[in-house]
1. If Lys and Arg each add +1 and Asp and Glu each add -1, what is the summed charge of the other residues whose beta carbon sits under 11 Å from the beta carbon of Glu19?
2. How far is helix 10-23 tilted off the main Cα axis of the chain, in degrees rounded to 10, range 0 to 90?
3. Put +1 on the Cβ of each Lys and Arg and -1 on the Cβ of each Asp and Glu in the chain; which of Ile53, Ser63, Ala16 then has its Cα farthest toward the positive end of the dipole?
4. Rounded to the nearest 20 debye, what is the charge dipole size of the chain about its Cα centre when +1 sits on each Lys and Arg Cβ and -1 on each Asp and Glu Cβ?
5. Can you tell me the orientation of helix 81-101 relative to the chain, as the angle in degrees between its alpha-carbon axis and the longest Cα principal axis, to the nearest 10?
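Just so it is clear, none of the values below were taken in a lab; they were calculated from the coordinates. Please read these numbers as outputs of a predicted model, since none were measured by experiment. Note: ideal-geometry Cβ built from the backbone for every residue, glycine included; neighbour counts use all protein chains shown.
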Amino acid sequence: MRTKEFAEDTDVVFDACREVLGYVGWKTTDVDSDKLILNALTPLSWKSFGDTIEIRVSNEGGSTVVTVSSEPRFSLMNWGKDLANEGIFLEKLAQEIHRYSSR
């Protein structure tokens, strides 16, 4: 599980999270706009049979915090793909937030 803080409003960050899911090629399985939670699945790869992703957006101390967790769907181990998934998502999210802020 990884977290990252942003200065933007939770609504802006949540919308950016939804955009980034498409950019990274993950399939959105559930969106809870009230609780600011997104669930997604990654495609199959040579490292795993796909992973389950949960993204939570919250407001903590005036900052918007995004928490991303990735777990294998069908196995106990995914050879570090969970950390890679979390890192890729947060990197792309930071780029998307920067793009939103530049408008």
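1. On the way: positive: Arg18, Lys92, Arg99; negative: Asp15, Glu96.
My count for the surroundings of Glu19 gives +1.
2. That works out to roughly 40 degrees.
3. Ile53
4. Roughly 420 debye, rounded to the nearest 20.
5. 20
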